[in-house]
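Engineer: Before anything else, here's the structure in question.
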Amino acid sequence: MNSMIDYSLTNRFMGGMVGAVLGECIGTWSRMHPPVTLRSLHHVAWTAPNSANLPLNWSLELVEGVTALLKPVPGDLARVIARIQLAPSVANRAIASLPLAFYLHNDSLLLRQSLEATLNPSTPSAQIEQTTIALLVDVVAALLRGDDPIQPIRYAIDNSELAQTCPALIYRLTQLYDLHTQKLGLAAAAQLSYEDDLPQLSRANLMSQETVVLINALAIALYGFLSSPEHFRLAIVRVAAFGYTPSLTCTLVGILSGVHNTMTDIPLVWRQFLRHTEGQVEQAPDLDQHLAVLSKQLTAVWSGVYCLDRTTPASPVVVSMSQSWQCLQHDRAL
């Protein structure tokens with residue numbers, strides 16, 4: 001593999017994982033110290049060693065999922081799929097799915113099959129959940145390929161099947177797209193955090209509250225990233241300003257911005273914080289170094305252990321393709 005591609009991909013992997021950890025820490029800190037500004041982030045105590053007490057939840061789903069891809073069998077997708085299926089919440093399942101985007105970003109067919117293996121969309125709520133997670137995975141995969149991240153959003157909005165099966169998601173994505181194209185600010189974007197409008201749009205009002213939160217959190221994270229695509233810190237601050245499940249939304253925007261910008265816009269002093277996370281990750285007292293090693297290992301596995309017998313999900317966990325995801329992928333191929 002070309003050394004420049006190797007370097008770029010390794011840094012995108014690390015940017016995504018570091019962005020997740022820092023985003024979650026800032027989001028958690030912002031709940032206790034609103035409002036968060038660029039200035040305050042340079043002087044606050046969350047960068048001090050005693051802030052290692054800030055709990056990590058969402059970001060560890062990503063880090064541990066990547067670890068599962070590497071050990072004990074490199075490229076073992078069935079192990080990652082099993083982790084997703086056992087995740088305790090919708091949001092955890094969404095972030096636990098992102099290692100699939102990392103590993104399969106250039107293989108859309110296998111990525112789709114692996115996502116289908118994680119959830120049986122037997123109810124309207126489960127189908128909306130799966131489609132929302134698929135969109136997040138699609139955007140992250142696009143960023144890893146260097147593609148325009150707005151494309152998966154436009155495909156979803158233009159998909160007539162999704163308009164019928166996932167109207168709440170499409171409604172929120174349409175709002176997001178309008179905010180993006182019209183370059184509207186935070187005051188107008190506040191609508192992305194409303195919850196009262198979404199359940200009425202779901203089929204038979206069966207959409208779970210967890211799915212409502214995931215749809216809004218994803219829309220807010222996408223808004224923060226798309227409005228400040230080259231500025232990691234500003235994207236985090238803009239998302240934290242919503243005050244809507246900030247630990248989750250800031251984790252998501254940290255992943256998006258970190259994958260896109262790699263490590264170039266993350267201050268060194270923030271990375272110092274990662275060296276004081278004792279006990280958060282097993283056998284990783286220096287999380288910064290741990291994530292650097294994981295990123296290099298993932299790139300090596302992605303480039304050198306990419307064979308059919310290790311990347312095809314085991315047959316017992318494969319379920320049938322959902323109509324919404326099948327339709328979305330079909331439109332993308334046209």
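The values are calculated or read from the model by the stated rules, or taken from the named source; none is laboratory data. Just so it is clear, the model here is predicted, and its values are computed rather than measured. Cβ atoms come from the backbone with ideal geometry, glycine included; neighbour counts cover every protein chain shown.
Engineer: Considering 302, 325, which residue is modelled with pLDDT under 95, under 18 Å from residue 11 (Cβ atoms) and not charged (D, E, K, R)?
Structural biologist: Among 302, 325, only 302 is modelled with pLDDT under 95, under 18 Å from residue 11 (Cβ atoms) and not charged (D, E, K, R).
Engineer: Could you count how many residues in region 158-170 are surrounded by fewer than 18 Cβ atoms within 10 Å (Cβ to Cβ) and either of a type in the set (A, V, I, L, M) or modelled with pLDDT under 95 (or both)?
Structural biologist: Matching residues across region 158-170 total 5.
Engineer: Run residue 188 past the list (1) crowded, with 20+ Cβ neighbours inside 10 Å; (2) free of Cβ contacts under 8 Å to residues at least 24 places away in the same chain and report the number of the one that doesn't hold.
Structural biologist: (1)
Engineer: Which of the residues spanning region 111-132 are free of Cβ contacts under 8 Å to residues at least 24 places away in the same chain and either of a type in the set (Phe, Trp, Tyr) or more than 14 Å from residue 214 (Cβ to Cβ) (or both)?
Structural biologist: 122
Engineer: If a residue has to be without any contact (Cβ under 8 Å) to a residue 40 or more places away in the chain and within 19 Å of residue 253 (Cβ to Cβ) to count, how many in region 56-110 make the cut?
Structural biologist: 5
Engineer: So, residue 54, is that one farther than 19 Å from residue 268 by Cβ, buried (at least 17 other Cβ atoms within 10 Å of the Cβ), modelled with pLDDT under 85 and within 22 Å of the chain's Cα centre (by Cα) or not?
Structural biologist: yes
Engineer: Being at negative phi and modelled with pLDDT under 95 is true for just one of 178, 196. Which residue is that?
Structural biologist: Just one listed residue meets the conditions, 196.
Engineer: Within region 99-114, restricting attention to residues that are among the aliphatic types (A, V, I, L, M) and within 14 Å of the chain's Cα centre (by Cα), which residue is surrounded by the fewest Cβ atoms within 10 Å (Cβ to Cβ)?
Structural biologist: The extreme case among them is 101.
Engineer: Further question: Select from region 203-233 the residues that are of a type in the set (A, V, I, L, M) and more than 17 Å from residue 190 (Cα to Cα) and list them in ascending order.
Structural biologist: The answer is 204, 206, 207.
Engineer: So which helices (runs of 4 or more DSSP H) stay within region 76-187 end to end and still have 2 or more residues that are aliphatic (A, V, I, L, M), in contact with a Lys or Arg (Cβ under 7 Å, 6 or more places away or on another chain) and closer than 21 Å to residue 20 by Cβ?
Structural biologist: Passing ranges, in order: 124-145.
Engineer: I would also like to ask the following. Within region 141-151, how many residues are crowded, with 24+ Cβ neighbours inside 10 Å and in contact (Cβ under 8 Å) with a residue 60 or more places away in the chain?
Structural biologist: Counting residues in region 141-151 that are crowded, with 24+ Cβ neighbours inside 10 Å and in contact (Cβ under 8 Å) with a residue 60 or more places away in the chain gives 1.
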